[in-house]
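Coordinate-derived values only; no laboratory data. Keep in mind the model is a prediction, meaning the values are calculated, not measured. With ideal geometry, Cβ positions are generated from the backbone for all residues, glycine too; neighbour counts draw on all protein chains shown.
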Amino acid sequence: MSPTQPRLFLQSSPSFFSLQYSTSCMTENYGHTSASGNASSHSSSSLNSSLQDTEDDQTIARILAEEESLKNGNKLGKRLSHLNSIPHTPRVNGEIPDVNDATLDHERLAERLATYDLAELQIEGDGNCQFRALADQLFRNPDYHKHVRKKVVKQLKHFRKLYESYVPMKYRSYLKQMKKSGEWGDHLTLQAAADRFGAKICLITSFRDTCFIEINPRDGNPTRELWLSFWSEVHYNSLYASGDVPSRAPRKRHWLF
């Protein structure tokens, strides 16, 4: 999405929690005795151990979240296997609809979600909604959106020949823009995400002519399904079966979601 284009801003509730880590900042006094140096060394070792524990916690959290994600995707995939998708063509974002069209689109999307007994986890409308929704489906935590964006941009960069023809601008400029937090994801980043994470991305859309789009990885062998709602050219949310939307209540720190 070009920074010169008008944007429809969405209002949403603040993030359900924030993680805070506190570390002790130690200042070494070179006039102290060797005992002081030993204390500093011990504190540094403790800090490194704490950081390693945090990294281990994050790894465990992601593995557990991915397992839970597979269950949700498989459940929806089986229940909605009758839906027919139109062919997906990667593309950059189109024009944002005017207020009247956007309102009608939103109503159409809401009706479709009700028809298929689906519910949305409301994603913050800060320009990162596509990546937040993907992060929720992948890791059960929208706050991992920076990690998802980074992986997607790397995919676009390292496999340039697969994607460049879909970008109507200098490819390097496109990548530079897409690296920025707040830059809207598009249908090309969805394809790159499907390729990078080996996922079938399933969109329930507000388009008039189709309600469902599947985005498959290029190797044709998805290992998971990610379900998103797409309010066309405006916003993405993460989808669950009605009654299964997570509460997002804070848990023990090591879960990190």
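Observations
- Annotation: amide H of Asn93 within the under-5 Å range of His187, sequence separation 5 or more or interchain, hydrogens built in the peptide plane.
- Computed from label points 7 Å out along Cα-Cβ, the spacing between Thr115 and Lys75 is 2.3 nm.
- Net charge of neighbours whose Cβ lies under 14 Å from the Cβ of Ser181, counting Lys and Arg as +1 and Asp and Glu as -1: +3
- Annotation: the residues Tyr174, Tyr166, sorted from fewest to most other C-beta atoms within 10 Å of their own C-beta, follow the order Tyr166, Tyr174.
- 3J(HN,Hα) couplings calculated from phi for the stretch 225-239 with the Karplus curve 6.51 cos²θ - 1.76 cosθ + 1.60 (θ = phi - 60°) are, in sequence order, 10, 10, 10, 10, 9, 10, 7, 3, 6, 10, 7, 10, 10, 8, 9 Hz; Gly and Pro show x.
- For Leu226, residues with placed amide H under 5 Å, excluding near neighbours: Lys200, Ile201, Cys202
- Most to least packed among 194-202, 210-218 [average Cβ atoms within 10 Å]: 194-202, 210-218
- Average projection area in nm² (convex hull over Cα atoms of the stretch 90-217, one quarter of hull surface): 8.1 nm²
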